[in-house]
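Shown next, in structure tokens, is the structure this report addresses.
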């Protein structure tokens, strides 16, 4: 399914049912009093987060959502049935904004938890039947109230993925391969820029029933905070993660200055939101299988001199993968499973 992280919809709560004008019509009761029932309340509209949803795509296909109207009142003091509430289901991590006539957005809710919901449009109150208008002066009122109209609102929905770990790095750093090696996710992989056009989620299971959710964020380039390349529309997904795994291909580094490549992406993160660079970050140099043994030793010595914790990894041979996963589990869960890669 196509990944969509924004949608704008129109929601309409149900109208209240009209009150009823009715009089008792029974044998031997020639002058029965008013017995018109009340109209039912219109249905409300809710937006609710669901754990199994990952996209707002369906909301781009259907733009208008209407709750059921309340039913009108009937004779014999029968009240109309309440309109059914409408629930609009969205992925966890969806921000719900109300949009006014000027196009200005107001945040209503951050649906960052399973089944978390918000009432976005209230149904109209049902009208009163003519039984309510009986008085000593007016014993046979022929009036009843009309039901109120339900609220109508324009909503803007923005999805920010909720994941424990965010994979970041330049295009072709190996993020898609990483997530395919450690989880059941099978993202598209190829050796050209921007293979990953949508964020992918992978789930890594532990040995005590716990799991870690990893988000493969599409490749970033210099100027991403301004919308360059795949742009800042994907940077927003990094905000929710607990830990960042920063992958850098050995092809993109200088063995004499191995940390320079990390600084490029970190600069983009800082420009987008300074809080991002304060997140725990696990730095990994990938594709070390492209180096010969002498180059590997040289790189390790350089990193030791810099006193920087950087993990060396080959997803092709799985060299170093267990150490990276140990570090991820420690950062996210505080323990290491007995079985790793």
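Coordinate-derived values only; no laboratory data. Just so you know, these numbers come straight off a predicted model, no measurement behind them. Glycine gets a Cβ as well: all are built from the backbone with ideal geometry, and neighbour counts include every protein chain shown.
How would 108, 330 line up from fewest to most surrounding beta-carbon atoms within 10 angstrom?
330, 108
Plugging the Kirkwood radius over Cα pairs into Stokes-Einstein for segment 272-320, at a temperature of 10 °C and a viscosity of 1.306 mPa s, what D comes out in µm²/s?
129 µm²/s
Normalized C-alpha radius of gyration of segment 6-159, against 2.2 N^0.38 Å?
1.38
Mean-square fluctuation check for the chain, GNM, Cα pairs under 10 Å: which of 307, 22, 249 is largest?
Between 307, 22, 249, it is 307 that shows the largest mean-square fluctuation.
How big is segment 56-103 by the Kirkwood estimate over distinct Cα pairs, in Å?
Averaging 1/r across every pair of different Cα atoms and inverting gives 14.3 Å.
For a quick check: sort 288, 282, 253 by the number of other beta carbons within 10 angstrom, fewest at the front.
Least to most surrounded, the residues fall as 253, 282, 288.
Arrange the following residues from fewest to most other Cβ atoms within 10 Å of their Cβ: 156, 262.
156, 262
Under a GNM of the chain (C-alpha, springs under 10 Å), which listed residue has the highest mean-square fluctuation: 130, 79, 52?
Comparing 130, 79, 52 in a Gaussian network model of the chain, the most mobile one is 52.
For the chain, what is the relative contact order in percent, using Cα pairs closer than 8 Å and at least 6 residues apart in sequence?
15 percent.
Working from the pairwise distances between different alpha carbons, so that the mean of 1/r is found and then inverted, what is the chain's Kirkwood radius in Å?
23.8 Å
Within segment 255-270, which residues have the backbone N less than 19 Å from the label spot 7 Å out from residue 292 along Cα→beta-carbon, could you tell me?
Inside the label zone: 255-256.
Per the helix-only calculation at 222 nm, which mean residue ellipticity applies to the chain, given -39500 (n - 2.57) for every DSSP H run of n ≥ 4 and division by its residues, nearest 500 deg cm²/dmol?
-4500 deg cm²/dmol
Roughly speaking, what is the centre-to-centre gap between segment 101-122 and segment 235-278 when only Cα atoms are used, to the nearest Å?
After rounding, the separation between the Cα centres reads 32 Å.
Specify the residue with the greatest mean-square fluctuation among 248, 95, 61, computed from a Gaussian network of the chain linking alpha-carbon atoms under 10 Å apart.
Result: 61 has the largest fluctuation of those listed.
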